[in-house]
Amino acid sequence: MNNSYYSYYDYDYHNSTDDYAPCDLSSNNSLNTVVGPYIHSIICILGFVGNSLVILTYALYKRTKSMTDVFLLNVAIADLLFVLALPFIVYNELYSWPMGLVACKLLRGSYSVNLYSGMLMLACISTDRYIAIVQARRSFRLRSLSYSRIICALIWVFAFLVSVPTFHYYNWYKPGYNDIIWVNDTVEMDTTTDSQYVCEWKFRDSKTAKTVKVAVPSIQLAIGFFLPLLIMIFCYTAVIITLLKAKNFQRHKAVRVVLVVVVVFIVCHLPYNLALMYDTIHMFKQSHCTETDTLYTAISVLQSLAYLHCCLNPVLYAFIGVKFRNHFSRMFQDLWCVGKRYITPRRFSRVTSDTYMSTIRRSVDGSSENGSSFTM
């Protein structure tokens, strides 16, 4: 690795108000030893189980018959890949990265792709609900499976493109730690520290470092949060107004579902993104170590809250639908029967097939545009 590169650690070093030593982020490091292994493990388990169940339900029992189905399936895929990458990222942040350069770039890059695609898919779901309920007369020709698949493909490609800087600038290297030591009452740099390989940002020069370190979080804020938030607020506000005009209990119940979806999204993501925006604005300004430590501690906590949203998506967008819950329950019943050997493999195959076909023959799908079923 070229020694002229500016590493992630080199830049943290220059942010210290101390002329010689980087900040000792003791509170943040102590918190990460708890949040990383335990809280993130819970998020990974819940996210893996919930999103896997959504994918299995679509694969075995419920075909994607509407735009919402396609978007929801893609949200589950993005969230599942997100939680699968999370343990490796936590391990790298706490310890080191022993898996090499290619795995480093794939890990960080896929993490970014899944983040963008998942958030944009949620915006698409809100747009689809807006068209289905507010623009019901035009919904038939606007909401087709072919359109939804094209939109999803474009979102994945777009998410990859905006993640190119992450793929490019994350590298596998040994950070150049320079410890401060005192020799005869003078400060000298100790370069003998035996560091381990990490997977972090690395830049050729300070200008590139400043540009990328500001551009990447700025794009994440703009595209990965504020754009979906504005779309959701606009679409769901119009949906709520339309539903409130209908004198129907089920439609008023759908209003509560909409409010829960929006409130949970804001509560999970707004605090972290505000902290990230503050950190980005003040990134190259000198600050006291205690202030930096407090900021990074807050970011760690709020980031975990944002990660929690990937566990809540299956509940908010899938399991809340009656028909989806029916498919979900039927899947568990079949698995229980297989586990207890109540039926022969041949009969199980026939029952499963009949179950699947019966769901297709239902005349009313949970995504029918009557306003009484908001999600599925």
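Bear in mind that the values in this text are calculations on the coordinates, not laboratory data. What you see is a predicted model; the values in this text were computed from it and never measured. Because the Cβ atoms are built from the backbone with ideal geometry, glycine has one as well, and the counts that use them run over all protein chains shown.
Filter LYS105/LYS210; LYS174/LYS207; LYS213/LYS285; LYS207/LYS285; LYS62/LYS253 down to the pairs with a C-alpha to C-alpha distance above 18 Å, please.
LYS105/LYS210; LYS174/LYS207; LYS62/LYS253
What's the exposure ranking of ASP79, ASP279, going from fewest to most Cβ atoms within 10 Å?
Ascending number of Cβ neighbours within 10 Å: ASP279, ASP79.
Take the alpha carbon atoms of segment 75-169, find their radius of gyration, then divide it by 2.2 N^0.38 Å using N residues; give the quotient.
1.37
Quick one: P(r) of segment 203-267 from all Cα-Cα pairs, 5 Å bins, percents rounded to integers, in order of increasing distance.
Binned Cα distances yield the sequence 4, 15, 17, 14, 11, 9, 8, 7, 5, 4, 3, 2, 1.
Which FRET efficiency value, to the nearest 0.05, do you get for TYR147 and LEU227 by plugging their Cβ-Cβ distance into 1/(1 + (r/R0)^6) with R0 = 22 Å?
E between TYR147 and LEU227, to the nearest 0.05, is 0.65.
Just how large is the dipole of segment 128-174 about the Cα centre, in debye to the nearest 20, putting +1 at every Lys and Arg Cβ and -1 at every Asp and Glu Cβ?
About 240 debye.
When averaged across all projection directions, what area in nm² does the alpha-carbon convex hull of segment 113-152 cover?
Over all viewing directions, segment 113-152 projects a mean Cα-hull area of 2.7 nm².
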